[in-house]
Amino acid sequence: GATQTRASDARLRLTSKRGTSLWIVLGTLATILSVAAAAGLQLRKDHALALEQIERESRSFISVSGAFVQSALDRTQATVLVSVRIAPGAGASADPALLNVIATDLQGNVVWDRNGAPPEPRRVTDTGLIQRLTAAQSAKFIAGTFADDEFGKSPIALAMRSDSMPDQVLLALIDPAFLTGMLESAQGSRGVSLAIADAQSRKIAGTTLDDALYASTTQALPASVTTSPTLRYVTSGSANYLASARLIPGYDLRLISVTRAADALSAWYQSLPLYS
């Protein structure tokens, strides 16, 4: 009888230990799951905060860059208007942004350009900007494309009213290479691509931005933008990107920036091992 009692007590103690061990295991699992759930919530929260941060940085960057481009174009206008008062044709050589400055009457007859007065009467073949400027009585300048086999071509030209000659129009042809250099300066060491596009989303100048990514970006962006930056997430190939755009007022231009989402979120990715 005593032997049976001892055996029964041993079984009870073993059962009790097993029960205690089971509760310890269950408690440990519950703690792990609880910590994992908290880590998951924090992970999602930190990801959302990281996205908000790169969106703020993108808005700030394109706002500053857009103001930089607009200031450069405004400065080019001022340079042309001042220089032509001193010496006709000097505007083209006074500013590295310019390919040519052409003075015409309202019909497009050329008075002078960077080479001086033509030896015989000449007329620009592309009078679209002149006609638009003439029709817009209150406009000081009109921006758009200009193409003439003799006097030059540019995807962005400015038609301005002359200060000294009321019936004279100044056509300032902007050098796209200068605009690209200016964008590269604004880009600096950031992992961002920049482009200047016209109202039809045709790229005028830009830094490292391949055609496929640019096409995906312009399709994702709205048809019209304002000076308030617009943001869109874009997929091209197997990568995701954050694109932003803003209007450069007065010039019918938009500035577009594109950054690879993985690059922008690199700091967040570096924190992921902490959640392990």
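The values are calculated or read from the model by the stated rules, or taken from the named source; none is laboratory data. Because the structure is a prediction, the values reported are computed rather than measured. Cβ atoms come from the backbone with ideal geometry, glycine included; neighbour counts cover every protein chain shown. Quick note on the areas: whole protein, heavy atoms, side chains included, nothing else; ligands and nucleic acids left out. Shrake-Rupley method; radii C 1.70, N 1.55, O 1.52, S 1.80 Å.
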**Prompt:** Based on what the data block shows, is residue 174 open to solvent by less than 40 Å² (accessible area, probe 1.4 Å) and closer than 25 Å to residue 195 by Cα?
**Reply:** yes
**Request:** Please state which of the following conditions residue 219 fails to meet, knowing it meets all the rest: (1) open to solvent by 20 Å² or more (accessible area, probe 1.4 Å); (2) part of a loop (DSSP other than H, G, I, E, B).
**Result:** (2)
**Message:** I'd like to know if the stretch 128-143 contains one or more residues that are crowded, with 19+ Cβ neighbours inside 10 Å and of a type in the set (Ser, Thr, Tyr).
**Reply:** no
**Message:** Quick check on the stretch 200-216: of everything there that is open to solvent by less than 60 Å² (accessible area, probe 1.4 Å) and small (Gly, Ala, Ser), which residue is nearest to residue 156 (Cα to Cα)?
**Reply:** 205
**Residue ID - surrounded by the fewest Cβ atoms within 10 Å (Cβ to Cβ), chosen from residues in the stretch 225-255 that are in contact (Cβ under 8 Å) with a residue 40 or more places away in the chain and among the charged types (D, E, K, R)** = 252
**Asked** What single numbered condition from (1) more than 13 Å from the chain's Cα centre (by Cα); (2) open to solvent by less than 80 Å² (accessible area, probe 1.4 Å); (3) within 25 Å of residue 256 (Cα to Cα) fails to hold for residue 186?
**Response** (1)
**Asked** If residue 161 satisfies every condition in (1) of a type in the set (Lys, Arg); (2) closer than 15 Å to residue 65 by Cβ; (3) buried (at least 17 other Cβ atoms within 10 Å of the Cβ) but one, which is the exception?
**Response** (2)
**Asked** Residues of the stretch 105-121 being assigned to a loop (DSSP other than H, G, I, E, B), in contact with a helix residue (DSSP H, G or I) (Cβ under 9 Å, 6 or more places away or on another chain) and open to solvent by less than 40 Å² (accessible area, probe 1.4 Å), which ones?
**Response** 108
**Prompt:** Mind checking which residues of the stretch 256-265 are part of a helix (DSSP H, G or I) and either crowded, with 21+ Cβ neighbours inside 10 Å or modelled with pLDDT of 90 or more (or both)?
**Reply:** 264
